[in-house]
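The values are calculated or read from the model by the stated rules, or taken from the named source; none is laboratory data. Bear in mind the structure is a predicted one, so any value in this text is a computation, not a measurement. Positions of Cβ are generated from backbone atoms using ideal geometry, with glycine treated the same way; all protein chains shown enter the neighbour counts. Areas reflect the complete protein model, heavy atoms only, side chains present, ligands, DNA and RNA absent. Shrake-Rupley method; radii C 1.70, N 1.55, O 1.52, S 1.80 Å.
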Amino acid sequence: MIFDLEMIQRAYAAYSEKVEWIRKSVGKPLTLTEKILYSHLTEPALKAYERGKDYANFNPDRVAMQDATAQMALLQFMQAGKNRVAVPSTVHCDHLIQAKSGAKTDLTIANETNKEVYNFLSSVSNKYGIGFWKPGAGIIHQVVLENYAFPGGMMVGTDSHTVNAGGLGMVAIGVGGADAVDVMTGMPWELKFPKLIGVKLTGKMSGWTSAKDIILKVAGILTVKGGTGCILEYFGEGATTISCTGKGTICNMGAEIGATTSIFGYDQKMDDYLRGTDRKEVASMADKIMNELTGDTKVYENPETYFDQVIEIDLSQLEPHINGPFTPDLATPLSEFSVTVKKNGWPEKLEVGLIGSCTNSSYEDLTRAASIAEQAIEKNLSVKSEYTVTPGSEQVRYTAERDGLLNKFEKIGGVVLANACGPCIGQWARHGADKKEKNSIMTSFNRNFAKRNDGNPNTHAFVASPELTTAFAIAGSLSFNPVTDFLTNEKGEKVKLEEPKGIEMPPLGFEVKDAGYQAPAEDSSSVEIKVNPASDRLQLLEPFAPWNGEDLKGLRLLIKAKGKCTTDHISMAGPWLKYRGHLDNISDNLLIGAVNYFNDKTNKIKNFLNGDYREVPSVARAYKEKGIGTVIVGDENYGEGSSREHAAMEPRHLGVKVVLVRSFARIHETNLKKQGMLALSFVNKADYDKIREDDLIDIVGLTEFAPGKNLTVRLKHSDGSTEEFETAHSYNENQIDWFRAGSALNTIHKRQ
Ligand code: MIC
Ligand code: SF4
């Protein structure tokens, strides 16, 4: 048995009683989110707690880490001086596999090129009692849903799409590695108590509409910022019609609207999924307390009273959507898509359709897409675009192969890639991408920021459901609408694709030969972890220096980033993923994707030591060498996207002291705080305009740094004039300690 039955038994034993106690003390009906959050508060926090006031301390049940972020997380954990993780934890090797020729060859090459990193992750896991999922086992979120997620539980994961587990009724939150270290060392984990958005689903989907379209629609309504600081709770009769993995898709892409997480209440679909994935013990336990694994009836009858915001979607009316390009919230209904494509001059030819990823790679997803492929075979059609499939896990892949689904994809010209992230995170050796040609691709993934999939800034990436992506790949054009349009087949006949059909759970059950799991050693005292000092992939961490007790004076502006600046802009993935365990090497990608406000160029900023325009990392290194601290200035939702803490550790490593922005994305703001940086935001957003390229910048008020108290920024312009303005911050006492100590990890040391 892979899942932690005892831990779940313990969690359930206390759960109902806690919820009842909380309901009484709060004196009102509870949402599901509140039930789970409150029941995971640490004891002192539970006693002292008042909702919405401030940060609260939690004890999550488990931790999941993927290979690209686990390296930093575990390097930090190794510094914490513990023998074993305090809660069940797992590592999943999924991000480092490059997609090129197909599953088998790609996996062999990945095992070779990433050998050192895989060995490191596997031996650290073994040593500290962490479950290890080998390369090829699948994408973290699919594997977690299949094996570990449980209704009413709480987990953190070092990946923003950890939220996928909300599909199985879990409060699952994406965090940086340093947060995961808190949980793995048994310390309380801190989270700002979220606001609650209720999403009421009525009706039932049909035809081409699928779960993906619900979240594509929600993203259109709320935008990439709209979920910041919020948990979305889905409910209503429509919710119970969606499969468990479909719910996972919806929760997964909640990361794209900045939501802390999303969740569905326990229902028959979750029960079916637990039983179908060999966890009948969990299902039976959940069945016994099912009323507490969903929101109270009164809450769902009067959602406006209990949620901070309510959105209602009638699934019977919902059209399929296609979101993009360049941002996941630009939502266009299918019926308007071809007109919108023309109006905006987006390239009409569809070069590649890619299905799979952690968002959409369940058995149901594959059957729906395969039902389109099957029709194509029958109707003498094949794909006009390139077409790739990434199954979410070995279990799904094995079962899909057994049931003939993969064969259907291959028959229409598809290539089945390894069970891994692959093209979704730029691990894609796409031929021709280096030519920077303007082109369109469509994926069933979740993110579509510029350069993300293939490094080409002119690739227009659109996000849709797997079945729609398959239909578009068959048509090879964005001006196609499968609901209304005919296609011409190989015999010159006009044919039409019928609505997709899916099967939620495999009729013959799931099957797998080798799921790819390695359990940790019982006695790990002899396991040694070696990091070669000459390695260019791994580097042991040095603690960051503590604050020197004074205001920051005479800082230089490193870059004033203009417009969208996601973690992909701050610390690009793709080719750089190989340095995720080596802080100094990966720092050479710092902000290379950000647009310099002063010249509209990427990776070209002025070095005031010699007047040259150079790459961001090299200028940062030049200032660092001279002992000059620097400031990054950013726009709205700075650090949107992923959980990668490299986006915070790299600037810290290269001498940046302050990140000053119009607004932050949640995980990134916390990551900056954890690494001992100053994360500040303009009180008056127009003050962004006051910052000039050649300013010297002081941060005043640090000796009285306190929660809720603004800090002053003083600009010394080169013409001799000075300007001052206020900046706000969201540090609490504890986080101010991290700043003073140089990082959160340094404070753990101090306490030991
Ligand atoms: C992503 O989808 O951007 C990633 C790659 O999964 C990241 C994590 C990472 O950068 O390693 C995420 O979403 O957190
Ligand atoms: Fe992997 Fe893409 Fe999912 Fe991130 S979003 S975990 S890169 S599949």
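For region 663-739, the set of trypsin sites (Lys or Arg not before Pro) satisfying both a DSSP loop assignment and a count of at most 12 other C-beta atoms within 10 Å is given as K709.
Express the accessible area of region 624-752 per residue in Å², computed with a 1.4 Å probe while the remaining protein chains stay in the model.
Numbers: 4360 Å² over 129 residues.
On a per-residue basis, 34 Å².
Taking the centroid of alpha carbons for each part, region 1-71 and region 256-313 are 15 Å apart. Residues whose amide H comes within less than 5 Å of that of T459, counting only those at least five positions distant or on another chain, are N439, K451 (H built at 1.01 Å from N in the peptide plane). Of the cross-linked pairs K35/K674; K436/K578; K28/K280; K411/K451; K342/K451, those separated by over 25 Å at the C-alpha level are K35/K674; K28/K280; K411/K451. In the chain, helices alone account for a calculated mean residue ellipticity at 222 nm of -9500 deg cm²/dmol, with every DSSP H run of four or more residues adding -39,500 (n - 2.57).
When a/c is below 1.5 the answer is rounded, else prolate if a/b is larger than b/c, else oblate, so apply that to region 482-636 with a ≥ b ≥ c taken from the square roots of the Cα gyration tensor eigenvalues.
oblate
Ratio of Rg to Rh for region 453-570: 1.18 [Cα atoms; Kirkwood radius as inverse mean 1/r over pairs]. Quotient of the Cα radius of gyration of region 321-445 and 2.2 N^0.38 Å, N being its number of residues: 1.09. Note on region 595-651 and region 75-115: Cα centroid distance 29 Å, given to the nearest whole angstrom. Note on region 672-721: Cα-Cα pairs beyond 17 Å make up 45% of the total pair count. Here the spin labels are modelled as points 7 Å beyond Cα on the Cα-Cβ line, and at T105 and K501 they lie 3.6 nm apart. May I ask for the distance between the Cα centers of region 355-414 and region 520-550, given as a whole number of Å? A separation of 42 Å, based on Cα centres. Heavy-atom accessible surface of region 46-125, averaged per residue, reaches 39 Å², computed with a 1.4 Å probe.
The lysine pair tally for region 95-253, using Cα distances under 25 Å and a gap of 8 or more places or different chains, is 25. Computed with a 1.4 Å probe over protein heavy atoms only, the accessible surface of region 388-488 comes to 28 Å² per residue.
Take the alpha carbon gyration tensor of region 86-174, find the square roots of its eigenvalues, order them as a ≥ b ≥ c, and report rounded if a/c is under 1.5; if not, report prolate when a/b exceeds b/c, else oblate.
Numbers: a/c = 2.77, a/b = 1.55, b/c = 1.79.
Judged from the Cα gyration tensor, region 86-174 comes out oblate (a/c at least 1.5, b/c at or above a/b).
Only alpha carbons enter this Debye calculation for region 638-687, each as an equal point scatterer, and the log10 of I(q)/I(0) it gives at q = 0.32 Å⁻¹ is -1.26. All C-alpha pair distances within the chain, sorted into 20 Å bins from zero, spread as 18, 52, 28, 2 percent across the bins. At 4 °C and 1.567 mPa s, grab the translational diffusion coefficient of region 600-697 from Stokes-Einstein with a Kirkwood Rh over Cα pairs, rounded to a whole number in µm² per second. D, rounded to a whole number, is 92 µm²/s.
Its Cα centre serving as origin, the chain has a Cβ charge dipole (Lys and Arg +1, Asp and Glu -1) of approximately 1080 debye.
Multiplying the residue separation of K343 and D584 by 0.36 nm and removing their Cα-Cα distance gives an extension gain of 82.2 nm. Quick check for me: using +1 on Lys/Arg Cβ and -1 on Asp/Glu Cβ, what's the dipole size of region 78-122 about its Cα centre, in debye to the nearest 20? Here region 78-122 has a charge dipole of around 160 debye.
Between S526 and V683, full extension at 0.36 nm per residue minus the direct alpha carbon distance yields a gain of 51.1 nm. For region 151-237, the calculated P(r), taken from all Cα-Cα distances in 10 Å bins from zero up to the bin holding the longest distance, is 14, 43, 30, 11, 2 percent. Cut-off 15 Å, label point 7 angstrom out along Cα-to-Cβ of S206: give me the residues of region 357-396 whose amide nitrogen falls inside. From region 357-396, the list is empty. In this rough spin-label picture, where each label sits 7 Å from Cα along the Cβ direction, the V483-D737 distance is 5.6 nm. Candidate membrane-span-like segments in the chain, meaning DSSP H helices with Cα atoms spread over at least 24 Å of their own axis and a Kyte-Doolittle mean of -0.5 or above, are 5-26, with no membrane implied. Heavy-atom surface analysis with a 1.4 Å probe gives the chain a carbon and sulfur content of 48 percent of its accessible area. In region 39-110, Cα pairs under 8 Å separated by at least six residues give a relative contact order of 29 percent.
Taken over region 271-345, the ratio of Cα radius of gyration to 2.2 N^0.38 Å equals 1.76.
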